[in-house]
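The values are calculated or read from the model by the stated rules, or taken from the named source; none is laboratory data. Not measured: the values here are computed from a predicted model. Cβ coordinates were reconstructed from backbone atoms using ideal geometry, including for glycine residues, and neighbour counts include every protein chain displayed.
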Amino acid sequence: MYEKTAEHFGSKFRHLPEGHLLVNLGPSHPATHGILQNVIQLDGERVVEAESVIGYVHRSFEKLGEKYTYNQFLVCTDRMNYVSTPLNNIGWILTVEKMMEIQVPDKVVYVRMIVSELSRIMDHIICNGILGVDLGAFSGMLHLFHHRENIYQVLEKLTGARLTTTFCRIGGLEKDIYPEFADEVRTICKGLKPAIEEFQSLLVNNRIFMDRTKGIGGISAEDAISYGYSGPNLRAAGVPWDVRKDEPYMFYDKVDFDVPIGEDGSVLHRTLVRMEEMRQSIRIIEQLVEGIPPGPHHADLPHAYLPEKGKVYKNMEELIYHFKIIMHGVKVPPGEYYQATEAANGELGFYIVSEGEKSPWRVHVRRPCFWFYQSFPDLVKGGLLADTIATMSSLNVIAGELDC
Amino acid sequence: MKETIDRFLKDKFPQYVYKEEEVLSNLPVFFLKAEGLLQVFSALKTSPGIELNYLNDLTAVDWLGKKNPRFEVCYLLRSGNKSTTRVQFKVPVEEGEAVPSIVSLFKGANWPEREVFDLFGIPFRDHPQLERLIMPDNFQGHPLRKDYPLEGFGQDYLIEDLLTIHVKEDMGAE
């Protein structure tokens with residue numbers, strides 16, 4: 001009975017030996033954290049073969065991008081990695097700004113970087129916290145979720161939304177930061193530091209957790225590069241690549257931070273790398289938050305940045321610009337551009353082919369999840385069924401980003 | 001990096017260079033012929049001083065009505081030795097023309113090639129598992145082609161069909 005189901009999904013399971021069992025993990029399963037499916041062939045409790053089936057949350061953003069204007073596509077990026085939305089928004093906006101050769105004021109860059117690093121912390125809290133939950137340790141996640149909620153509240157004040165932030169606009173921020181922004185970020189950092197240490201001693205340094213994760217789901221540096229890994233998962237395998245260091249965008253070349261690396265790419269090392277990255281993110285935020293420069297929250301770009309609503313009702317010029325931007329979009333010169341940014345999961349790249357029209361000719365998103373998740377069968381082969389859950393959690397596969 | 005690779009291609013594989021054309025791009029772009037893809041990539045991967053050993057991105061562009069041949073398969077390679085220069089290689093192909101799969105060189109090419117096959121209908125030769133990845137198996141057409149309408153063709157096909165097949169087969173077995 002199961003054989004036929006599996007036959008439908010892949011060619012790997014055509015001849016199932018006697019006594020082997022096929023298990024469907026997903027598409028809707030508590031351990032998959034999203035709609036994705038794994039068909040796993042079991043011999044007793046050992047995984048013999050596995051196959052991942054994706055596409056359940058495909059919303060065809062790349063096709064939509066060919067019809068939307070550059071501003072409208074920003075909304076699609078919200079829905080890619082929905083655990084750390086501002087990072088996607090910033091990646092897209094940076095690409096379009098680089099194509100249009102726009103310089104934004106320093107204040108904008110500072111705020112974008114602070115929000116980026118806050119989002120990275122949010123993402124890593126989810127990944128490490130839920131890994132604990134999947135292994136049966138619930139309390140670790142709750143310890144950090146309180147602080148994650150604080151970050152959400154800052155985002156809510158800043159953008160008006162918690163999850164789908166649609167942060168940033170081409171040429172600046174949607175609106176100016178609120179007066180207590182710096183204070184609140186400082187308070188968050190102050191609260192996070194002891195919480196992270198607590199989380200480390202509570203969960204990661206726990207003997208049971210170590211036994212469950214040490215050497216599980218490991219990958220060599222060579223294989224990780226061959227599979228196109230990036231981000232924390234690649235660094236856990238011992239490769240010190242970080243887009244923020246290697247080809248700095250925004251002001252990442254002006255702040256001090258270290259790139260933590262692991263050794264064997266196992267679940268434990270991925271967790272430790274993420275823990276250390278949270279500390280480094282706090283370090284970056286603390287350097288920036290002291291010196292947010294005063295000034296306007298957007299560049300002076302009437303042809304790209306929407307004018308103030310009050311002026312639109314009163315002045316002819318602003319009304320025309322408003323109309324032009326909404327109806328005809330922004331003018332992006334013809335050409336191609338690939339911009340990589342370091343999102344929470346790794347290298348998030350936007351590849352735009354523009355023909356100089358209001359929408360791009362082609363948009364392609366290089367999603368970090370998509371590249372490393374294809375190695376999942378290799379990671380779990382030969383291991384126990386329970387370890388596949390830990391491996392999947394520690395990879396931090398986000399269904400929205402996977403399918404795009 | 002651009003000059004190095006330009007010289008490398010002209011010296012060793014002049015027969016596989018498709019054309020020389022300046023592309024408005026922030027990346028150096030080279031056009032290759034499909035048949036020489038494997039040789040060129042494996043040479044680029046191992047040659048000292050170049051070492052493009054990281055497949056950064058793989059996608060395709062449909063130039064319907066603008067260029068001939070219609071499709072371009074775009075490979076973005078990056079060097080692992082920290083120099084971080086990205087180089088793009090484009091392989092122009094006509095509809096139905098196959099491109100050799102590079103899974104033997106880069107394991108990570110597996111899903112992206114399946115995705116391009118699924119959404120553009122470009123077949124990859126010698127791919128270990130050339131099946132649809134994102135759309136359902138019984139889907140008709142290739143959605144990212146320019147002649148595929150945004151709303152689809154209005155077929156009513158989808159999950160229900162897959163489910164009925166399952167239910168019937170499962171019930172028959174018992």
Report, ordered by the first and then the second residue, all pairs with beta carbons closer than 7 Å, sequence separation of six or more or different chains, a first member in region A:191-207 that is closer than 18 Å to A:D134 by Cβ, and a second member that is surrounded by 20 or more Cβ atoms within 10 Å (Cβ to Cβ) and among the aromatic types (F, W, Y).
-> A:L203/A:F209
Mind listing whichever residues of region A:150-168 are surrounded by fewer than 20 Cβ atoms within 10 Å (Cβ to Cβ) and touching a helix residue (DSSP H, G or I) at 6+ places or on another chain (Cβ under 9 Å)?
-> A:N150, A:Y152, A:Q153, A:K157, A:A161, A:R162, A:L163, A:T164, A:T166
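Residues checked against (1) out of contact with any strand residue (DSSP E or B) (no Cβ under 7 Å at 6 or more places or on another chain); (2) under 26 Å from A:Q37 (Cβ atoms); (3) at pLDDT 95 or above; (4) not assigned by the TED database to the domain that holds A:Q374:
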{"position": "A:E66", "(1), (2), (3), (4)": "no, no, no, no"}
{"position": "A:T69", "(1), (2), (3), (4)": "yes, no, no, no"}
{"position": "A:C76", "(1), (2), (3), (4)": "yes, yes, no, no"}
{"position": "A:V83", "(1), (2), (3), (4)": "yes, yes, no, no"}
{"position": "A:N128", "(1), (2), (3), (4)": "yes, yes, no, no"}
{"position": "A:V133", "(1), (2), (3), (4)": "yes, yes, no, no"}
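Looking at A:G265, A:G291 in this structure, which one is on the phi > 0 side of the Ramachandran plot and assigned to a loop (DSSP other than H, G, I, E, B)?
On the way: A:G291 fails: on the phi > 0 side of the Ramachandran plot.
Exactly one of A:G265, A:G291 is on the phi > 0 side of the Ramachandran plot and assigned to a loop (DSSP other than H, G, I, E, B), namely A:G265.
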Under 9 Å by Cβ, and 6 or more places apart or on different chains, what pairs join a residue from region A:40-61 that is in a strand (DSSP E or B) with one that is acidic (D, E)?
-> A:I40/A:E49; A:I40/A:E51; A:Q41/A:E49; A:Q41/A:E51; A:V47/A:D387; A:A50/A:D378
Just wondering, is there one or more residues in region B:72-79 that are in a loop (DSSP other than H, G, I, E, B) and free of Cβ contacts under 8 Å to residues at least 12 places away in the same chain?
-> no
Of A:R244, A:R235, which residue is assigned to a helix (DSSP H, G or I) and either at positive phi or touching a helix residue (DSSP H, G or I) at 6+ places or on another chain (Cβ under 8 Å) (or both)?
-> A:R235
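Please verify whether region B:41-53 includes one or more residues that are β-branched (V, I, T), part of a helix (DSSP H, G or I) and modelled with pLDDT under 90. Reasoning before the result, please.
Taking region B:41-53 first, the residues β-branched (V, I, T) are B:46, B:50.
Of the ones still in play, those that are also part of a helix (DSSP H, G or I) are B:46.
Going one step further and asking which of them are modelled with pLDDT under 90, we end up with B:46.
Yes: one or more hits.
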Please specify each residue of region B:119-129 satisfying the condition of being surrounded by fewer than 21 Cβ atoms within 10 Å (Cβ to Cβ) and facing chain A (nearest Cβ under 10 Å).
-> B:P128, B:Q129
Mind checking which residues of region B:88-112 are more than 13 Å from the chain's Cα centre (by Cα), closer than 10 Å to B:L55 by Cα and touching a residue at least 40 places away in the same chain (Cβ under 8 Å)?
-> B:L105
Can you name the residue in region A:119-158 that is β-branched (V, I, T) and over 18 Å from the mean Cα position of the chain (by Cα) and is also nearest to A:K214 (Cα to Cα) among such residues?
-> A:V133
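Are any residues in region B:84-127 among the polar types (S, T, N, Q) and closer than 21 Å to A:C369 by Cβ, and if so, which ones? Outline the logic, then answer.
Going through region B:84-127, the residues among the polar types (S, T, N, Q) turn out to be B:84-85, B:88, B:101, B:104, B:110.
Within region B:84-127, just B:N110 meets the criteria.
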Could you list, in sequence order, the residues of region A:165-214 that are of a type in the set (A, V, I, L, M) and in a loop (DSSP other than H, G, I, E, B)?
-> A:I170, A:L173, A:I177
Please work out if B:E115 is part of a strand (DSSP E or B), on the phi < 0 side of the Ramachandran plot and among the charged types (D, E, K, R).
-> no
